[in-house]
Structure formats: C-alpha cells, structure tokens
Amino acid sequence: MRETTVPVVKDLVLIGGGHTHVAVLKRFGMRPVPGVRLTLITRDVHTPYSGMLPGLVAGHYDFDDIHIDLAPLSRFAGARLFHQPVVGLDLDRRIVRCDGRPPVPYDLLSINIGSTPSLREVPGAAGVVVPVKPISTFVERWQRLRARVTEATGLVRIGVVGAGAGGVELTLSMQFALHRMLAALGRPAGATECHLFGAGETILATHNRGMRRRLERVLRERGVHMHLGQTVASVSPGLITCSDGTTVALDEILWVTQAGAAPWLGEAGLEVDERGFVCVDATLRSVSHPRVFAAGDVAAVVNHPREKAGVFAVRQGAPLAENLRRVLLGRSPRPFRPQRRFLTLVSTGGRHAVGSRGPWSFGGAAVWRWKDWLDRRFMARYSQLPVMAPGSTPALEPGLASPEVLKEISTAAMRCGGCGSKVGATPLERVLDQLRPVRRDDVLIGLESPDDAAVVTVPPGKVQVRTVDAFRAIVSDPFVFGQITANHCLGDIFAMGAEAQTALAVATVPFGLDTKVEDTLVQLLTGAVGVLNDAGAALVGGHTSEGADLALGLSLTGLSDPDALLRKSGLRPGDRLVLTKGIGTGTLFAAEMRMRAKGRWIDGAIQAMRQSSRAAAAALRRHGATACTDVTGFGLLGHLVEMTKASGVDARLALSSVPVLDGALETSGAGLLSSLHPHNVRLRRAVADVERAATDPRYPLLYDPQTAGGLLAGVPADRADACVDDLHAQGYDQAVVIGSVEPRGDAAPIHVE
Ligand SMILES: Cc1cc2nc3c(=O)[nH]c(=O)nc-3n(C[C@H](O)[C@H](O)[C@H](O)COP(=O)(O)OP(=O)(O)OC[C@H]3O[C@@H](n4cnc5c(N)ncnc54)[C@H](O)[C@@H]3O)c2cc1C
C-alpha cells in the first residue's frame, strides 16, 4: 500500500472487484482523496474480463490474459484488500458482514458484485448444471469437462442453456476447443455433440437481425443442435426437460441464462427490483440508501434500464469514481446517462468474430483481430499501471468532514510520543470488550480482571518457554495480519516442543479518528486472538499506541516438560531434515510491494502463513524428532546453519527437494528480494562449493527471510517417510525431506546438491 501520513477520517468500502470498481480503484490511485481509507472486499482476487472468457475457452488466451489482478491494482490505489465474500449488510449500523471476522464499517459503500445465473426457478437445476458465473469456478469446471471428453470412449453431449451473446459465444468456443483437442488425439469431431437452448424464438433476441442471421448460420454449419422457443422446465442428472415435454439427454449442462442477484442485498433492506438488483438513480446512488452506490450487473438504473452487459459496467467506472469522490467531499453526485447503442463483438471459436452496433452487423477474421486489439487494450489499462511520483504531504479537503472532526483529527496528528501516543482508554475498552480470549486456570490475573500486569503460574513439573517477535504489517488486511503475526510468534513455542500458554500484545495503529483506530484494532486483535485461542494461548494483556504504520508484536509464554523440549542442538548424523512448509514469503512480499507479484501467489503465501505449526510440531514429536526450529527471518539456510552449529554436525541439502511457494522462483529470479536478503547472504560462507550451488534457480531462496515459515526438524532416517506422510495427513501439503545430517567435517558445514 502507498504510505500515507494523513489520518483516516472516512471509510470508502468497495464490495466486489467487478468491471466498474477496477476503474474506481485506478482513478483513486491516480487521484487519491487524502483522509479516505479505501477498502476493497472481494470474493476473487482475479477479476475475469468476460469479453475474453470465450477466447480462453477456445485456447487463444491464458489465465493472465483475461484476468485483472486486483492485488497490484489495490496497492496502486492505496486500498486495503480483504479477500473474502460479503454475506450481508447492516445499513443502520453501516457495516458490511463477512463470515468469520469482525464486520467492516463504512461511511460510503459501493457495490459491484455482478450477477449469477438464477437457478432457483428451474427445478433440479441447482447442483446439476454448471453455472458460467462465477467465472472463476467455471474455468475450473471447463478443465474438468476437457478431461472428461479426453477420457470418454463414447459420445459426450454438452448442453448450453441461454442463447444470448454469452451462451452462443461460449457454445462456439467450447466446440472449437474440443474439436481441436480431439483432432490432436486423432479422434473424430463427432465424439462430442453441442446443444443450445433458448426461451426466445431466436438467438440474441436483443441484437439486430443481421447479427442473428450471421450467428445462426455459423451454428448451423457447425452442427449445433438448437432448441429455441421453449424454456427449460426441469433438469435432472443427465437430462433436460423442455416446456413442451421434449427431453434431451446430456452429459454436461452449462447455464448462461438471465442473471440473478445476491439475496442479501434485498434482505438488508436496500430497495431492489423484481430480480433482486439494487435500484439506483442516474448518479448510481441507491434510491433507498444515500450512502450506498451500486454499478454493473448488480445495479438496476431506474431511469435508464439496460441489459446486463460488461460494456455498461465498464462505462460506469468514471462516473462512479467521480460521484464517490464528490459525495466523500460533501458534494452532490452528478447524473450519468448510459449510451443506448453499443458495440457487440462475438467470437465464433476460431479467430473469427461477428459484430453489431445499432442496425449494422459485420463479421470476419478482421473483426476478430479488432476485438482482440480492443480487449487487450482494455486489459493493459490494469496490467500496466503508471508509476506515481510521491507528492508532498497532502492536506485534508475541507468538505471531507465537519470542522469539529477536522479539528479532532488535526490534534491526532500532533499527539505526543511516549504515553501520549497511547490509544485512548475508551476506544481500547470497547476493543477489549469485543475480544474473546480463552481462559486458563494458570492465569491468575488476565484481561477479564485487568491490573497493572498479568499474573501467571507455572504448573509444577513444567518449565516456561518465552519468546517475543514483532513486525510491521505485510498485508493490508489487519485481520489477516493479526492471524499471521500470531502464527509467526507461536512458531517459536511449537518449535521448542512446547504448548502455548499466554500472550501479551504490543500493537501500533495508524493515526485516525477514534472510531477508525478502534476498528483497525478490533480487526487486528480479533485475527490474532482467534489464532492464539486455537493454540490454547490466553491473551493476558498488552499495549497499544498510534504511529505511522500498523504493527504487531506478541510476547508469548509456553509450557513444556523439561525433558520434552526440542532444541536446535539435537541433530544426529544420519537424521533426515524435514521441512513442513514451502519457502518464499520474503521475495513474494518484496515483489508485492513493487506491484510485481500476482494476486494468486500472494494468496498462496498468505494461506501458508496462516497455517499453524502446532499440528506439525506434534507430528514431528510423534516421529521422534531430534531437533527443531522454525524457519523465519534468517531464511532456511540461516536456521539450518544455527542447527548444525549447535549440534556439531554438517548437513547435506537437496536443493531440488526444497519446497517453494508458488511464484517465489519467478519473483526471486526477477531480482525482487527482501531488504533482509543481503544480510542473510552473508552466511554463504557456510555453503561448500557455493559457486556450483548458485547456478540453481532455487539457491537465492535459501536466504529468503520467512514470515510464519514452517518447522525444520531432524527426524531419524527410518521414520522420516512416515513422518512426512503424517504431515501431509495434517494438511502440510508441501512437507518433505530436504536433506540429511552428516558428521562434522573440516570444510563448510552445508553441502548443497
Ligand atoms: C460467457 C459470457 C460472455 C460475456 N461476454 C460479454 C461481452 O463480450 N461483452 C459484455 O459487455 N458482456 C459480456 N458478458 C456479460 C458480463 O459478464 C457481465 O455483464 C459483467 O461481467 C458484469 O460486470 P460486473 O462488473 O457487474 O460484475 P463482475 O465482472 O461479475 O464482477 C463481480 C465481482 O464481484 C465479486 N463478488 C461477487 N460476489 C461477491 C461477494 N459476495 N462479496 C465480495 N465480492 C463479490 C467477484 O469476485 C467479482 O470480482 C458475458 C457474460 C458471459 C457469461
């Protein structure tokens, strides 16, 4: 995220990263509103550009060609990215609900979550058919369909329900791709059969006659079976029944029909139309709730009804961004009149397309090239983000808040250091009220009866293990950051073979209005406490202050039997080295900061960092682990060197076995490395034959500092395979033996092969 020293005054929350919000994000990135905290809550990190989906199916494009990556775009916009589906709204309390986390408050809300084909009206459809939306799940299903056709020995019949532009284009693209695949396998095109179902008498009912005729001809020539003028009355596995009683046996049924809206919009009390879409006026503002805007498929513009098409969602980007900005600054939004006529370009599978605008229609290879050029140009807007020069410290614009609020905030920026930077007692109390830390009998005085300090006993026969760690936020979602920090800090406890007992938290929250500071703290600490609770650790106290950046530290205690402690010093020659998680978080987040990491890579890294090492430590102990450490700031090599030194042994590392997080080889190969990396590289003298090792692309990752990394342990050779199987069963998919322990020699201790 772009750093800002301006205190947070207002929250603009965007739900959904659809075709309209991507434009809003870009515009806010180019012209931010100081004092406004922008948050994007989205179910998917990659927004598919639907105009190119058929091209992906046909094999002309790959995943990245047709997806807008919301991770770099959010960073460009200075927006926090919350990767979660929204499940509800409370319009009175002005909060957005997501499962499993505190609600997200807003001052201004904008919704761009698209639509999904409605399956409810057709008996049997749900659970049987494959809806084309969400496109993210469709892409997966399409791969499965290809596999099914590959493996089938007989005919595979595919039905597409919905004969609008999307349904026709998808049918032709699928057929094209499957025929090409079958030809490559030496099998006849007749191994598949395509059926297209439409309720109207014609395909593409909303388009001109010329366009319809051209596409009907293509469908006929390609042998697509058309079932027009009858609705699909019911669906059962393998069968469609039409309203006239005709039945058609099908192996796969794809659903591309009239769109429906998420039910929680109407349930929240927003005024919606008969299909559940949010009624907005010409400014894109909800007709019932002035703090809510909506755009794209999910919006029904009352005075300018249009069909649900991406082209309208895209066109609404600029006016929506402008109106959100105006309302944030206390001005009235401006009406926007969408165009009536618009260009439609439908590809027919191969590099050929048919188009229409108003009464005209046209087709050919040149039309496909034109469409391709237009689509790629659109995507480039979001994949090639401009570099913004850092400006001087921006001032809050007067319309952003009342004079009283602006006064309050100007004092926030001037608050003292020392105790003066503490978060006020009242907001803190409210935050603590919302936390539900576990209670433990060995905590005599904790958060439920706060005092100057917590008081904790150590049960007889146990020893107490203590550790502390702290860092600045590496992800923009404070809830997720809380989870990651807690996992990272707990890693030390589990690596020692101990169970977690208590935690003290030290949090720094960016300046802002009390309500904003409070919200950040609630998100942060709820994330951390959830992880601590799962580990059995009670949060017993802490300290919070305001500062420039969000940061969290945890001081933890754990308990262990004295003779059950796992030390770094226990490695024995012959042991196998087991690593429980992939490495690469340092380079991935270094790349993310420079907007060079793909959202799905960061997502994968976040999943890994959120995975607790508790079960891993238990599995390692079950299989007789001799020594253990958690892989963090010094990188895999640094921590291995510590172990070999403490144990008086050498280690042989099979570089090709070292598990790597998705994308880490690409980012480290591009030279995108953590600022800590050069410090860690100083340890290269511990590597024998370093020049040869350095030729391997994985080599730099040995020095990559990890956040909430895995455990590295020595396990007796005869138990290593069973240990890895056990780890896999516990969900540590990347756990693997990465090397072995050897007697201490005269040369450098780490032998990389
Ligand atoms: C096969 C096919 C081809 C098409 N081709 C074209 C075409 O060529 N031209 C055209 O104009 N239109 C086309 N369309 C129509 C087009 O897909 C839609 O009109 C367009 O995607 C709508 O855009 P949107 O911005 O409203 O929503 P979307 O693009 O659908 O984006 C919605 C976003 O919201 C997120 N989201 C959804 N639910 C939640 C939730 N609960 N919480 C948080 N986030 C959520 C999603 O992850 C996604 O990022 C096609 C449709 C199909 C099915």
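The values are calculated or read from the model by the stated rules, or taken from the named source; none is laboratory data. None of these values were measured; they are calculated from a predicted model. So basically every Cβ, Gly included, is an ideal-geometry build from the backbone, and we count neighbours across all protein chains shown. SASA here: full protein model, heavy atoms, side chains in, ligands and nucleic acids out. Shrake-Rupley method; radii C 1.70, N 1.55, O 1.52, S 1.80 Å.
Structure values in brief
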quantity: So G669, is it under 25 Å from A597 (Cα atoms) and in the same structural domain as R719 (by TED's automatic domain parsing); calculated: yes
quantity: Count of segment 97-116 residues which are among the polar types (S, T, N, Q) and under 18 Å from V45 (Cβ atoms); calculated: 1
quantity: Residue match in segment 339-348 (condition: over 23 Å from V96 (Cα atoms) and away from the ligand (no atom under 14 Å from the Cβ)); calculated: yes
quantity: Residue satisfying all of: in segment 429-449; more than 30 Å from the chain's Cα centre (by Cα) and not in a loop (DSSP other than H, G, I, E, B); surrounded by the most Cβ atoms within 10 Å (Cβ to Cβ) among these; calculated: V443
quantity: Yes/no for V480 being under 26 Å from M593 (Cα atoms) and either in the same structural domain as A71 (by TED's automatic domain parsing) or modelled with pLDDT under 95 (or both); calculated: no
quantity: Lone qualifier among E121, E169, E151, E221 - being closer than 30 Å to D69 by Cβ, out of contact with any Gly (no Cβ under 6 Å at 6 or more places or on another chain) and not aliphatic (A, V, I, L, M); calculated: E169
quantity: Residue match in segment 546-561 (condition: in contact with a Pro (Cβ under 8 Å, 6 or more places away or on another chain) and more than 23 Å from T39 (Cα to Cα)); calculated: yes
quantity: Some residue of segment 18-32 being over 18 Å from L320 (Cα atoms) and open to solvent by less than 20 Å² (accessible area, probe 1.4 Å); calculated: no
quantity: Residue in segment 187-201 that is within 16 Å of the ligand (Cβ to nearest atom), under 29 Å from T150 (Cα atoms) and either in a loop (DSSP other than H, G, I, E, B) or under 34 Å from the mean Cα position of the chain (by Cα) (or both) present; calculated: no
quantity: Test: residue in segment 581-593 that is open to solvent by less than 10 Å² (accessible area, probe 1.4 Å) and in a strand (DSSP E or B); calculated: yes
quantity: G527, sole failed condition from (1) closer than 30 Å to P34 by Cβ; (2) surrounded by fewer than 23 Cβ atoms within 10 Å (Cβ to Cβ); calculated: (2)
quantity: Boolean, G29 is within 21 Å of the chain's Cα centre (by Cα) and either within 14 Å of the ligand (Cβ to nearest atom) or free of Cβ contacts under 8 Å to residues at least 24 places away in the same chain (or both); calculated: no
quantity: Selection status of R621, touching a residue at least 60 places away in the same chain (Cβ under 8 Å), closer than 23 Å to A720 by Cα and either part of a strand (DSSP E or B) or in contact with a strand residue (DSSP E or B) (Cβ under 6 Å, 6 or more places away or on another chain) (or both); calculated: no
quantity: For D69: the one exception among (1) closer than 30 Å to R436 by Cα; (2) in contact with a Lys or Arg (Cβ under 7 Å, 6 or more places away or on another chain); calculated: (1)
quantity: Selection count where residues are in contact (Cβ under 8 Å) with a residue 60 or more places away in the chain, within 11 Å of the ligand (Cβ to nearest atom), outside any loop (DSSP other than H, G, I, E, B) and open to solvent by 20 Å² or more (accessible area, probe 1.4 Å), scope segment 98-138; calculated: 3
quantity: Residue that is nearest to the ligand (Cβ to nearest atom), among those in segment 57-73 that are over 19 Å from A313 (Cβ atoms) and in contact with a His (Cβ under 9 Å, 6 or more places away or on another chain); calculated: A71
quantity: Matching entry among A503, A486, A507, A495 (being surrounded by 23 or more Cβ atoms within 10 Å (Cβ to Cβ), of a type in the set (A, V, I, L, M) and touching a Cys at 6+ places or on another chain (Cβ under 6 Å)); calculated: A495
quantity: Any hit, segment 673-680, residues being in contact with a Ser or Thr (Cβ under 8 Å, 6 or more places away or on another chain), farther than 20 Å from T629 by Cα and in a loop (DSSP other than H, G, I, E, B); calculated: yes
quantity: Candidates L81, L40 - the one that is touching a Ser or Thr at 6+ places or on another chain (Cβ under 7 Å), open to solvent by 30 Å² or more (accessible area, probe 1.4 Å) and assigned to a strand (DSSP E or B); calculated: L81
quantity: Among (1) touching a helix residue (DSSP H, G or I) at 6+ places or on another chain (Cβ under 7 Å); (2) more than 30 Å from K371 (Cβ to Cβ); (3) open to solvent by 10 Å² or more (accessible area, probe 1.4 Å), the one test that D65 misses; calculated: (2)
quantity: Boolean, H677 is in contact (Cβ under 8 Å) with a residue 12 or more places away in the chain and within 30 Å of D469 (Cα to Cα); calculated: yes
quantity: Residues satisfying the stated conditions in segment 74-88, i.e. aliphatic (A, V, I, L, M) and more than 9 Å from the ligand (Cβ to nearest atom); calculated: A77, A79, L81
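Per-residue answers, yes or no, for (1) surrounded by fewer than 20 Cβ atoms within 10 Å (Cβ to Cβ); (2) more than 16 Å from the ligand (Cβ to nearest atom); (3) modelled with pLDDT of 95 or more:
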residue	(1), (2), (3)
A152	yes, yes, no
M174	no, no, yes
L215	no, no, yes
R220	yes, yes, yes
A233	yes, yes, no
